[in-house]
Amino acid sequence: MIAAAKINEVKTKAQHRALGLSDEQALELYWHILLARRLDERMWILHRQHEVAFHISGIGHEATQVGAAFALRKGYDWVHPYYRDLALSLTIGMTPRDLMLALYGKQGEPSSGAHQMPAHYGNRALKIVSGSSPVATQIPQAAGIAFAIKYKGTDEVVLTCFGEGSTAEGDFHEGLNWAGIFKLPVIFLCQNNQYAISVPVHKEMPVPNVADRAVAYGMTGVIVDGNDALEVYRVMREAVERARRGEGATLVEAKTYRPVPHSSDDDDRTYRSRAEVDEWKKKDPVLRMRQYLESVGLLNEARSQEYEARAKQAVDDANEFAKNASYPPAEAALENVWGEISRQ
Ligand SMILES: Cc1ncc(C[n+]2csc(CCOP(=O)(O)OP(=O)(O)O)c2C)c(N)n1
Ligand SMILES: [Mg+2]
């Protein structure tokens, strides 16, 4: 009896309950974090096995991305992601098969029909807008989408993501200025992982926090622990509510870390110590969420193993599916490009 009463007490005090999330939703949050992690890890392995040409990873950013996705109305709100947004795209509704097809560059992948490199996440039905490779171009484009929403008078919002290095681009300042002037329904989510490839954050900008810049654009700036999915959900939900009420944009800065190299073609040992990486690994998003769920009695060892088995099955299935899929025919390279093709 005492034990049961204690569990109930823990549950009512639980952080997710205070945020209005049910136990099922808290577990769902964990599921997306875990699935994204296991899928991403497999992608690295496939690259090292020479099965695929390139991978750019979202490992370490999962709590930020899944927490953010949970604050949106999926398929109703707009998402303009960047190349690390594997967990975000997955949580909004892209499938492991979609993402593996893109990794292999196979026919039928929804982002671009295999025209683009992988990690240019896009899905028309889910209102995920595929980005371009030059960093920060999505920022003014997201402000443009938000302007159209305001013009139409609906209560959709736009979420766009980028790294802290991208805030050195003119596009960042132009996009935020525009959003500030017109009080647009857009959330600018900076995933500050402390590096722009090999350049550490103190060499990227003259202020300690990206969020400090919000004041210059007349919008709310918020700093959040990007490895705490529930905290990200909380600040993102407030930002979304502000945008829906017509009170304009928010700049959210999620402080996080990328424990893996920038991409499959980078060697991070040349610019940072293993001790620094190991320190951040103690705050790993998968570990943090699992420990939290254990502390409120929602996960135990057996249940964790079930989640792991489910994730492995989903990743194996996606890999088999994409590996066996066909490449697009050569002529498909000429589809969906601008202009008429002249054949001599
Ligand atoms: C306009 C432009 N300049 C340079 C690059 C090369 N580049 C690709 S990713 C990247 C680092 C971006 O760092 P950050 O914005 O912090 O994002 P992170 O990769 O750390 O998530 C750079 C310089 C690019 N793609 N586009
Ligand atoms: Mg960065």
Practice item. For region 173-182, state whether one or more residues are within 14 Å of ligand 1 (Cβ to nearest atom), of a type in the set (A, V, I, L, M) and touching a Leu at 6+ places or on another chain (Cβ under 9 Å). Key: no
Study note, to complete from the structure: Considering region 128-155, residues that are away from ligand 1 (no atom under 16 Å from the Cβ) and touching a strand residue (DSSP E or B) at 6+ places or on another chain (Cβ under 8 Å), and then whichever is nearest to A87 (Cα to Cα), we arrive at I128
Practice item. Considering only region 183-202, state which residues are near ligand 2 (Cβ under 10 Å from one of its atoms) and of a type in the set (V, I, T). Key: I197, V199, V201
Point to revise | Unique residue being at positive phi and either assigned to a loop (DSSP other than H, G, I, E, B) or surrounded by fewer than 23 Cβ atoms within 10 Å (Cβ to Cβ) (or both) when the list is G113, G58 | key: G113
Practice item. Report, by residue number, each residue of region 235-261 that is among the hydrophobic types (A, V, I, L, M, F, W, C) and farther than 30 Å from S198 by Cα. Key: A239, V240, A243, A249
Practice item. Evaluate region 257-278: report whether one residue or more is basic (K, R), touching a residue at least 24 places away in the same chain (Cβ under 8 Å) and assigned to a helix (DSSP H, G or I). Key: no
Review point. Which is within 16 Å of ligand 2 (Cβ to nearest atom), aliphatic (A, V, I, L, M) and buried (at least 23 other Cβ atoms within 10 Å of the Cβ), of L176, L159, L88?
Key: L88
Exercise for review: Tell me, please, whether a residue that is surrounded by 14 or more Cβ atoms within 10 Å (Cβ to Cβ), in a helix (DSSP H, G or I) and within 23 Å of the chain's Cα centre (by Cα) can be found in region 201-209.
Suggested key: yes
Point to revise | Matching entry among M219, M205 (being farther than 24 Å from K281 by Cα, more than 16 Å from ligand 2 (Cβ to nearest atom) and in contact (Cβ under 8 Å) with a residue 12 or more places away in the chain) | key: M219
Study note, to complete from the structure: The residue from A211, A254 that alone is free of Cβ contacts under 8 Å to residues at least 60 places away in the same chain, within 16 Å of ligand 1 (Cβ to nearest atom) and within 29 Å of G20 (Cα to Cα) is A211
Check your understanding: In this structure, does R97 turn out to be assigned to a loop (DSSP other than H, G, I, E, B), in contact (Cβ under 8 Å) with a residue 60 or more places away in the chain and basic (K, R)?
Key -> no
Study note, to complete from the structure: From the option list A142, A148, single residue qualifying as in a helix (DSSP H, G or I) and more than 27 Å from D98 (Cα to Cα) is A148
Check your understanding: Among (1) out of contact with any strand residue (DSSP E or B) (no Cβ under 8 Å at 6 or more places or on another chain); (2) surrounded by fewer than 18 Cβ atoms within 10 Å (Cβ to Cβ), where does D212 come up short?
Key -> (1)
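Bear in mind that the values in this text are calculations on the coordinates, not laboratory data. Just so it is clear, the structure is predicted and the values come from calculations on it, not from any experiment. Cβ: placed from backbone, ideal geometry, glycine included. Neighbour counts: every protein chain shown.
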